[in-house]
Amino acid sequence: MKNTKRYDLSDRLIHFFREVDTHSKDYVIFPENWGFDHIAEDNVYNPFFLLRAAIRHNKIFATWSIRNNNRTIYGNRPAICFTEMPLAAFLETSSKREKQGQAISSYGLSFLKSELYKIGARPVIYGLSTNELNIYKTKKGERMIDQSVLPMIEQYRYVTYNPSSFKKIDWTHEREWRYPYNKSLIDFEKELEEYGIVSEVEDFPGLEILEEGISDIGVIVKTEMEAKLILCDILVIFDRNGHSPFKFIFYTEQIEKIKSILEPSQERKEIIKSTIDLSVYINPDEERDNKIYKLFTLLVKEVENNYQEIERGEFGGCWLWIYDSLSDLSRALINKERIEINREGKYLCFPYEFSDSRSLFQREDMTKELAKKVKNTFGVDCGYYSVLNSDDYNDVPFYCSQDYEKYEDRLINKLKN
């Protein structure tokens with residue numbers, strides 16, 4: 001519409017991530033198991049960790065937004081919160097409020113307002129025409145408003161507003177939208193009640209980004225290095241699915257002054273500058289790919305030939321784990337359909353040139369030898385990844401490389417150079 005091109009309006013919504021202390025009284029419930037590639041070693045989850053978790057697991061959690069042990073989202077549905085602040089306003093206010101110790105950060109995901117509206121997101125309702133809400137709590141801790149005042153289907157949208165009270169209540173600066181979780185909570189609540197914790201990410205209520213037809217998502221981080229790590233996460237999504245809804249990565253280091261992007265036209269220019277160009281990674285280079293693939297298969301056959309004696313033993317699958325997804329080797333093997341990506345985002349190549357008659361232990365040893373040859377030939381760090389009594393790389397790993405926890409450190413060092 002012609003009247004919406006203003007510096008104080010935006011056609012996008014931002015979901016930001018804040019630091020969470022798992023020992024806090026306002027602690028949000030999180031999974032016991034984030035995955036082998038996303039281990040949390042502290043009781044405090046920083047915003048960048050949570051942002052990457054959302055991208056890697058294809059999910060933004062729907063919560064009750066607990067404050068002082070009370071749910072601030074009313075009704076029987078948890079929700080996901082967004083702000084419609086323009087990018088410049090979001091970056092400015094998040095930076096100031098974060099320095100003041102408030103629950104906000106400059107790390108977030110940016111969505112088209114029209115796409116989120118289409119799947120059910122709505123602007124919140126700040127206050128009602130009456131103060132007689134007749135609020136009550138259920139046994140499950142839900143805070144309900146009398147349905148004669150506000151229908152249950154709309155209660156997730158209500159936000160308390162009273163700028164005239166002795167203790168002023170005014171959250172209109174958030175310019176908030178919410179997306180309600182409409183599926184069943186029975187299994188989630190049952191597991192939480194029985195065990196006090198929910199084990200897996202997939203069991204949590206939330207917005208599953210890839211399944212909802214969302215096509216235009218931006219990522220907001222602070223540094224260029226963080227942007228490069230996010231690029232690797234997005235590349236995993238593309239390599240696994242053949243497409244990705246993530247269109248740009250915006251990092252605040254790239255702009256000199258936030259006020260320089262106040263105008264919507266300038267904001268769009270910055271977003272265009274931040275657009276992800278995956279073509280350098282995903283477009284096949286037939287000559288390069290053929291050369292690399294031929295040399296790689298020769299290395300695998302060479303290892304097979306060097307182990308002439310076949311040792312019998314335990315059954316299982318063993319893969320060459322290639323740490324660097326950006327390398328020419330990875331891109332060539334992806335294009336030649338020799339790499340599979342497991343649910344942890346690991347790039348795994350099954351050396352089918354090895355005899356199936358060999359024991360898992362022997363093939364582990366051979367794969368370690370292959371990793372050395374690949375390093376010497378292509379300069380790419382690799383390890384091994386095995387699963388006992390299964391050929392499914394998504395099963396619990398039996399053994400993997402001893403330097404498992406250092407592979408991303410190597411990636412960071414490479415990206416710095």
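Values quoted throughout were computed directly from the atomic coordinates according to the rules given, and no laboratory measurement underlies them. These figures come from a predicted structure and were not determined experimentally. Positions of Cβ are backbone-derived with ideal geometry, glycine not excepted, and every protein chain shown enters the neighbour counts.
Please give the Cα centre distance for the stretch 339-353 versus the stretch 240-308, rounded to the nearest Å. Distance between centres, Cα-based: 19 Å. In the chain, the DSSP-assigned H stretches of four residues or longer account for a calculated mean residue ellipticity at 222 nm of -9500 deg cm²/dmol, using -39500 (n - 2.57) per stretch and the full residue count as denominator. Temperature 37 °C, viscosity 0.692 mPa s: under these conditions the Stokes-Einstein estimate for the stretch 284-416, based on its Kirkwood radius over C-alpha pairs, is 218 µm² per second. Checking every one of the trypsin sites (Lys or Arg not before Pro) in the stretch 141-208 against DSSP loop status and a limit of 14 other Cβ atoms within 10 Å picks out LYS167, LYS168, LYS183. Computed over the stretch 116-190, the percent of Cα pairs more than 13 Å apart is 73. For GLU208 and LYS372, a Förster radius of 56 Å and the Cβ-Cβ distance give a FRET efficiency of 0.90, rounded to the nearest 0.05. A Stokes-Einstein calculation at 25 °C with viscosity 0.890 mPa s, built on the Kirkwood radius of the stretch 92-223 over Cα pairs, returns a diffusion coefficient of 136 µm²/s.
Inverting the pair-averaged 1/r between distinct Cα atoms of the stretch 31-122 gives 15.4 Å as its Kirkwood hydrodynamic radius.
Apply the Debye scattering formula to the stretch 2-281, with a single equal point scatterer on each alpha-carbon and no solvent, then give log10 I(q)/I(0) at q = 0.08, 0.11 Å⁻¹. Each listed q corresponds, in turn, to -0.35, -0.68.
Our estimate of slack between ASN182 and SER215, defined as 0.36 nm per intervening residue step minus the Cα-Cα distance, is 9.8 nm. When both bridge partners sit in the stretch 2-281, DSSP labels roughly 80% of those beta bridges antiparallel.
Distance between the pseudo-spin-label points of ILE272 and HIS38 (7 Å out from Cα toward the beta carbon): 3.3 nm.
Could you tell me how far the Cα centroid of the stretch 48-90 sits from the Cα centroid of the stretch 163-215, in Å? That distance is 6 Å. Most simply put, the stretch 284-416 has about 100% antiparallel DSSP beta bridges, counting only bridges with both residues inside it.
Work from the charge dipole of the chain (Cβ charges, +1 for Lys and Arg, -1 for Asp and Glu, about the Cα centre) and give the residue of LEU370, ILE282, ILE80 farthest towards its positive end. The residue sitting most towards the positive pole is ILE80. Looking at the chain as a GNM with Cα springs under 10 Å, which of ASN182, ASN43, ASN76 has the largest mean-square fluctuation? Most flexible of the set in this elastic network: ASN43. Binning the alpha carbon pair distances of the stretch 230-285 at 5 angstrom intervals from zero yields the distribution 4, 16, 24, 19, 13, 12, 8, 3, 0, expressed in whole percent. In this Cβ point-charge picture (+1 for Lys and Arg, -1 for Asp and Glu), the stretch 189-331 has a dipole of about 880 debye about its Cα centre. Evaluated with a Cβ-only charge set (Lys, Arg +1; Asp, Glu -1), the stretch 2-281 carries a dipole of roughly 1180 debye about its Cα centre, given to the nearest 20. A simple charge model with +1 on the Cβ of Lys and Arg, -1 on the Cβ of Asp and Glu and nothing else charged puts the dipole of the stretch 188-244 at about 420 debye relative to its Cα centre.
Taking the charge dipole of the chain about its Cα centre, with +1 at Lys and Arg Cβ atoms and -1 at Asp and Glu Cβ atoms, the residue from LEU109, GLY379, TRP321 reaching farthest to the positive side is LEU109. Considering only the Cα atoms of the stretch 135-283, their convex hull presents on average a projected area of 14.5 nm².
Panel order for CYS318, CYS382, CYS232, CYS349, by other beta carbons found within 10 Å of each beta carbon, from fewest to most: CYS232, CYS349, CYS382, CYS318.
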